[in-house]
Structure formats: C-alpha cells, structure tokens
Amino acid sequence: MRGQPLTQQSKADVLVTPGRSRTASFEQHIDREIQKLMASLPNPERLSPEERRGIVARYTAVLEGNFIYWMTAAYLSVASDAAHAIIRENLLEEVRDNHPGMLRKFAMAADAMPSDGDGRAVYRNLEGVRRFVGQLSGTKIVIMMAFFEGWIQRFMPYLAELAGRLGSAEREYTDVHGEVDVVHTRELFRALDAEMALAEGPEAPAAMLEGIEVLRTLIQRIVHHTNG
Ligand SMILES: [Fe+2]
C-alpha cells in the first residue's frame with residue numbers, strides 16, 4: 001500500500017527509499033541489462049550476409065506475432081486503472097498503426113523473412129517467455145515489457161544498419177520504433193509504479209526480474225544464434 005513502511009529486507013533489496021520513485025531500482029537494472037546486450041552485439045561489418053539476414057529474420061520471427069500478444073497479457077494481468085489505461089494506449093497504437101505489418105514489410109524489403117530454420121532457432125527460448133507470460137503476473141510482465149520496449153528502441157539503429165547492408169532502404173519500422181518506444185518505456189514505468197502501489201507487499205526482487213531473464217535469453221538467441 002502507498003505510504004506503508006517497507007521492511008528492512010525489502011529496503012536493502014530493492015533500494016526503495018522514501019522520496020524516491022519505487023521503480024527507480026528496476027529502471028536502473030533494466031538500463032544496465034540493455035547496455036550489456038548492446039555491448040554484446042557483433043560488429044555488422046564483420047558479419048556474413050547470412051548472419052545479417054539471420055538476425056533480422058529471427059527478430060521478425062519473435063516480434064511480429066508476439067509483441068501484441070505479450071502486451072495483451074500485461075493488460076489482462078494488471079490491476080490498477082492507471083496501468084490498464086497506459087497499456088491500452090500502447091495496444092491501440094500497435095493495432096491501429098499496424099506495427100506487425102510494418103515489421104513484415106521491413107523483413108521482406110531486406111529479403112530476410114523468417115524461414116522454418118529461423119523459427120526453430122528461437123523456438124525453445126520463445127516458449128520460455130510464453131510460459132512466463134502465461135502466469136499472468138501483472139507486475140512482472142510490466143517489468144518485462146518495459147525492458148522489451150527499452151531494448152527495442154536502442155536496438156533500432158543496429159537493425160536498420162543490418163537492413164542497409166542487406167540492400168534495403170525500407171526504414172518505417174525502425175524509424176517509428178526508435179521514436180515511440182522512448183515514450184512507451186517511460187509510460188510502462190508509470191504503469192509499474194501504479195501496480196507496485198497496489199501490491200500487498202513487496203515480492204522478492206529476484207522473482208520480480210524473472211521476465212527480464214527469460215526475455216534476455218531469447219534476445220541473445222536472436223542476436224547470437226549460429227547455425228550448426
Ligand atoms: Fe510496435
């Protein structure tokens with residue numbers, strides 16, 4: 001509940017102090033995880049054309065059919081009015097502006113549409129995220145989606161560069177997501193704050209980060225998978 005004193009344990013664990021946003025420690029953690037992922041990206045110049053195609057194709061295989069599904073799971077799982085309103089806006093934009101279609105167009109233009117092999121490459125880790133999302137834990141899914149939006153936004157210049165090296169000039173998807181996801185990430189932290197304010201008591205921080213772990217593993221698979 002808002003204003004209720006935190007236990008010593010939870011203070012130490014999530015670094016929430018009076019007067020400081022209760023989401024601050026999660027924002028910092030997410031930022032660090034995104035930075036690590038970005039630092040691990042292979043140099044696009046040194047990748048073979050097939051490796052470049054593979055990253056675009058696996059990204060498409062994961063994002064095209066799952067982003068709205070996972071955001072919908074967040075909508076179904078949160079309890080606060082504020083979080084519902086924020087996630088509804090996000091979903092409305094995705095559906096109205098046809099973001100899956102934008103991504104498909106991007107992959108087609110780069111001649112990097114997902115193949116059966118690309119689907120198989122991400123299958124196991126994708127299933128891991130689906131099982132996590134199926135638990136319908138509002139706070140945890142919002143944390144995962146804030147991480148997802150934040151990473152997508154930072155990943156866009158890299159994805160655009162891969163497409164460019166694959167001979168494509170199509171940039172609608174990467175331009176749109178390099179812009180709007182800054183706002184989306186900030187809004188999701190506001191949703192998280194509203195959910196945490198409603199929560200009975202703070203959950204163990206490690207459990208709260210479960211979604212980041214499963215999604216990070218999937219993203220690593222997108223970026224680093226090599227055939228054979
Ligand atoms: Fe989108």
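For region 76-96, the criterion of being within 13 Å of the ligand (Cβ to nearest atom) and more than 19 Å from the chain's Cα centre (by Cα) is satisfied by at least one residue. Looking across Phe147, Phe189, Phe155, Phe132, one residue alone is among the aromatic types (Phe, Trp, Tyr) and farther than 23 Å from Ala83 by Cα. It is Phe155. Among the residues of region 138-159, count how many are buried (at least 19 other Cβ atoms within 10 Å of the Cβ) and over 20 Å from Arg186 (Cα atoms). Qualifying residue count, region 138-159: 1.
Specify which of the listed residues (Leu41, Leu15, Leu6) is within 24 Å of the chain's Cα centre (by Cα), over 28 Å from Glu89 (Cα atoms) and at pLDDT below 95.
On inspection, the qualifying residue turns out to be Leu15.
Scanning region 128-163 for residues that are more than 28 Å from Pro44 (Cα to Cα) and either among the charged types (D, E, K, R) or touching a His at 6+ places or on another chain (Cβ under 7 Å) (or both), we see that the one that is nearest to the ligand (Cβ to nearest atom) is Arg130.
Rundown of residues vs (1) surrounded by fewer than 19 Cβ atoms within 10 Å (Cβ to Cβ); (2) in contact (Cβ under 8 Å) with a residue 60 or more places away in the chain; (3) out of contact with any strand residue (DSSP E or B) (no Cβ under 7 Å at 6 or more places or on another chain); (4) at negative phi, yes/no style:
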| site | (1), (2), (3), (4) |
| --- | --- |
| Gln28 | yes, no, yes, yes |
| Ala57 | no, yes, yes, yes |
| Phe67 | no, yes, yes, yes |
| Ala79 | yes, yes, yes, yes |
| His84 | yes, no, yes, yes |
| Ile87 | no, yes, yes, yes |
| Leu91 | yes, no, yes, yes |
| Phe106 | no, yes, yes, yes |
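Scanning region 169-212 for residues being surrounded by 19 or more Cβ atoms within 10 Å (Cβ to Cβ), small (Gly, Ala, Ser) and touching a Lys or Arg at 6+ places or on another chain (Cβ under 8 Å) gives a total of 1.
Of the helices (runs of 4 or more DSSP H) lying entirely inside region 150-228, those containing at least 1 residues that are among the acidic types (Asp, Glu) and farther than 21 Å from Leu37 by Cα are 172-198.
The values are calculated or read from the model by the stated rules, or taken from the named source; none is laboratory data. As the structure is a computational prediction, the values presented were derived from the model and not from experiment. Using ideal geometry, Cβ is built from the backbone for each residue, glycine included, and neighbour counts are taken over all protein chains shown.
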